[in-house]
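The values are calculated or read from the model by the stated rules, or taken from the named source; none is laboratory data. Keep in mind that this is a model prediction, so the values were computed, not measured. Quick reminder, even Gly has a Cβ in these numbers, built from the backbone with ideal geometry, and neighbours come from all protein chains shown. SASA here: full protein model, heavy atoms, side chains in, ligands and nucleic acids out. Shrake-Rupley method; radii C 1.70, N 1.55, O 1.52, S 1.80 Å.
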Amino acid sequence: MTFTCTANDCGHRSTHEFSKRSYERGIVLVQCPQCKNRHLIADHLGWFKESTEDGKLKTIEDLLKARGEKVVRGRLGPDGDIEIEGE
Ligand SMILES: [Zn+2]
């Protein structure tokens, strides 16, 4: 997909790839290569509903820790994108 950054004073366009399964059933976050902000594209697991109360995303490491020992299939791409396929 082509993503246009929504951060103030950025508006950078970038292209990201992720699996349909993650997009429809899991979690997808893309990182803007310009300002390095992460943007939530899909959250079917509801993880970020709990984590964005202060308007800031936790790091994925924090989230995984908070989720305990649950085994999750996901990946952190070299471009900073995060994709979690769901359970
Ligand atoms: Zn940006």
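Inside segment 19-38, residues that are in contact (Cβ under 8 Å) with a residue 40 or more places away in the chain, of a type outside the set (A, V, I, L, M, F, W, C) and either open to solvent by 10 Å² or more (accessible area, probe 1.4 Å) or within 16 Å of the ligand (Cβ to nearest atom) (or both) make up a count of 7. I'm checking my understanding of the structure. Among residues of segment 1-18 that are within 16 Å of ALA42 (Cα to Cα) and either modelled with pLDDT under 95 or surrounded by 13 or more Cβ atoms within 10 Å (Cβ to Cβ) (or both), which one is nearest to the ligand (Cβ to nearest atom)? Going through the qualifying residues, I end up with CYS5. The number of residues in segment 33-58 being modelled with pLDDT of 65 or more and within 11 Å of the chain's Cα centre (by Cα) comes to 9.
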